[in-house]
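The values are calculated or read from the model by the stated rules, or taken from the named source; none is laboratory data. Just so it is clear, the structure is predicted and the values come from calculations on it, not from any experiment. Here the Cβ is made from the backbone with ideal geometry for all residues, glycine too, and neighbour counts use every protein chain on show. Side chains are part of the model used for accessible areas, which takes the heavy atoms of the whole protein and leaves out ligands, DNA and RNA. Shrake-Rupley method; radii C 1.70, N 1.55, O 1.52, S 1.80 Å.
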Amino acid sequence: MLNIKRLSHADCDVIMDAAVAKSVEVGTPKDIAIVDESGHLLQFKRMDGAKFSASEIAINKAFTSAGGGRATREYKDVAGPGGPAFGLHTQLGGRFTIIGGGIPIVVDGEIVGAIGVSSGAAAEDHDVAQAGIDAFLATLGT
């Protein structure tokens, strides 16, 4: 039998609140998705003014990070044009993405979920996602 660590809804609230606050700080409304360790959606928010087209992108960024165990921006060199895994982004029904803004949430070396943020520049989306993770880890004393 496996013992699986998983984000609670209260954990998701902490992550979401911090990501929203960072979005307000940078001045770009975002679509924000939080998934469990298996990539299933736990919480989603489309801030007022966020791009409707970015909703699925945010969810897919979180899905990719949960499944791949790394930030989506880290796939650019290996899965982008000319990379050794070019075409990877076409897998899983097109849900796998190499656009920055998705980050796995890791506790004690174990992926417990991921966050995906979209609607702005990839680097900005990454920073917003990281703010959510940092707030969550602070509640654990990490």
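Ignoring ligands, DNA and RNA, what percent of the 1.4 Å accessible area of the chain is carbon and sulfur? Mind showing how you got there, number by number?
Numbers: 3870 of 7100 Å².
Percent of accessible area from carbon and sulfur atoms in the chain: 54.
What are the lysines whose alpha-carbon lies under 18 Å from the alpha-carbon of Lys76, with same-chain residues fewer than 8 places away excluded?
Result set, ordered by chain and number: Lys61.
If you roll a 1.4 Å probe over the heavy atoms of the protein chains, what accessible area per residue do you get for the chain, in Å²?
50
Scan (i) 1.03; (ii) 1.01; (iii) 0.96 for the value of Rg/Rh (Cα atoms, Kirkwood Rh) calculated from this model and give just the label.
Correct label, based on the coordinates given: (iii).
Using helices alone, I'd like the mean residue ellipticity at 222 nm for the chain: each DSSP H run of four-plus residues gives -39500 (n - 2.57), total over residue count, nearest 500.
Value at 222 nm, helices only, nearest 500: -12500 deg cm²/dmol.
Go ahead and run the numbers for FRET between Arg6 and Phe86, Cβ-Cβ distance against an R0 of 35 Å, rounding to 0.05.
Efficiency for this residue pair is about 0.60.
Rounded to the nearest 0.05, what FRET efficiency do Leu140 and Arg95 give with R0 = 25 Å and r taken as the Cβ-Cβ distance? Could you check?
0.30
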